[in-house]
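Worksheet for the structure shown next.
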Amino acid sequence: MISKKGKCLIVCAPSGAGKTTIVRHLLKKFPSLSFSVSATSREPRKNETPGIHYHYISVEEFKKKIESEEFVEWEEVYTDQFYGTLKSEIDTIWSKGHHVIFDVDVEGGVTLKNTFGENALALFVRPPSLDVLEERLRARGTESEESLAKRLSKAEKELTYELKFDTTVINDELSLACKDAEKKVEQFFRV
Ligand code: ADP
Ligand code: 5GP
């Protein structure tokens with residue numbers, strides 16, 4: 001059971017739009033923010049650390065956690081790749097008096113916004129175009145051709161979710177996008 005204590009920032013975008021980069025910037029800028037580490041059934045990337053980037057678990061373990069209602073939301077974002085927000089993560093962060101920041105897919109973001117309402121700011125990160133999104137994903141060098149294709153084919157639909165969010169940050173020039181996100185978060189924390 002989640003006790004409603006702190007505020008939440010929900011950051012969503014198609015994969016490659018720059019949400020991880022912007023979330024990291026916000027975490028540095030606002031010491032009262034803590035990252036909600038999701039559970040996932042995908043394999044860790046080379047530069048990722050268990051417990052920091054994700055809790056990596058098998059599909060079977062993931063399904064057990066669904067049954068025991070340990071998630072506030074979960075999605076099969078790509079076939080056989082499950083991602084979910086653990087209720088325990090949010091409770092731990094709020095019990096420290098911190099605010100939570102989520103990096104989740106667009107559907108998960110909408111569920112979290114519906115769950116936390118006024119207590120949450122739902123921020124959509126929009127890339128300048130799908131071509132730029134592809135360039136960024138390729139330049140990141142973390143995806144196989146297959147994984148890249150899955151992400152790109154999903155991105156077009158994900159971009160249509162923008163209007164379901166409270167606000168948008170256009171991530172063209174990174175420093176401007178970070179400043180804009182910062183300003184929006186400051187305003188949200190003030191009310
Ligand atoms: P996401 O978390 O949405 O998948 P990332 O934050 O990993 O996206 O960004 C994807 C790639 O694009 C990374 O290599 C990142 O360094 C780069 N990137 C992010 N924002 C910009 C930007 N404004 N201009 C150029 N490259 C960017
Ligand atoms: P990646 O594999 O690139 O780390 O993440 C793929 C997608 O899953 C991203 O859009 C990311 O935001 C999303 N994601 C990460 N954690 C969660 C989560 O807990 N729930 C949901 N619904 N999506 C998540």
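We did not get these values from a lab; they are worked out from the coordinates using the rules stated. As the structure is a computational prediction, the values presented were derived from the model and not from experiment. Note that each Cβ is placed from the backbone with ideal geometry, even for glycine, and that neighbours are counted across all protein chains shown.
Observations on the structure shown:
- Some residue of the stretch 102-112 being β-branched (V, I, T), in a loop (DSSP other than H, G, I, E, B) and under 12 Å from the mean Cα position of the chain (by Cα): yes
- Which listed residue is away from ligand 1 (no atom under 15 Å from the Cβ) and hydrophobic (A, V, I, L, M, F, W, C), from V100, V104, V77: V100
- K7 of a type in the set (K, R), within 14 Å of the chain's Cα centre (by Cα) and surrounded by 13 or more Cβ atoms within 10 Å (Cβ to Cβ): no
- Enumeration of residues in the stretch 64-94 that are in a helix (DSSP H, G or I) and either more than 25 Å from F116 (Cβ to Cβ) or touching a Lys or Arg at 6+ places or on another chain (Cβ under 8 Å) (or both): K64, W94
- Number of positions in the stretch 137-191 that are under 19 Å from the mean Cα position of the chain (by Cα), in a loop (DSSP other than H, G, I, E, B) and under 25 Å from F116 (Cβ atoms): 5
The rows are residues; the columns are (1) out of contact with any Asp or Glu (no Cβ under 8 Å at 6 or more places or on another chain); (2) surrounded by fewer than 16 Cβ atoms within 10 Å (Cβ to Cβ); (3) of a type in the set (D, E); (4) within 18 Å of V23 (Cβ to Cβ).
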| site | (1), (2), (3), (4) |
| --- | --- |
| S95 | yes, yes, no, no |
| H98 | yes, no, no, yes |
| D103 | yes, no, yes, yes |
| G117 | yes, yes, no, no |
| A122 | no, no, no, yes |
| R126 | no, no, no, yes |
| E146 | yes, yes, yes, no |
| S153 | yes, yes, no, no |
| E156 | yes, yes, yes, no |
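- Look at (1) of a type in the set (K, R); (2) surrounded by fewer than 18 Cβ atoms within 10 Å (Cβ to Cβ); (3) under 17 Å from F124 (Cα atoms) and you find that K29 fails only one, number (3).
- On inspection, C12 fails the criterion of being away from ligand 1 (no atom under 16 Å from the Cβ) and under 14 Å from the mean Cα position of the chain (by Cα).
- Only residues that are part of a loop (DSSP other than H, G, I, E, B) and more than 13 Å from ligand 2 (Cβ to nearest atom) were counted in the stretch 121-136, giving 2.
- Among strands (runs of 3 or more DSSP E) entirely within the stretch 1-63, having at least 3 residues that are touching a residue at least 60 places away in the same chain (Cβ under 8 Å) singles out 8-12, 33-35.
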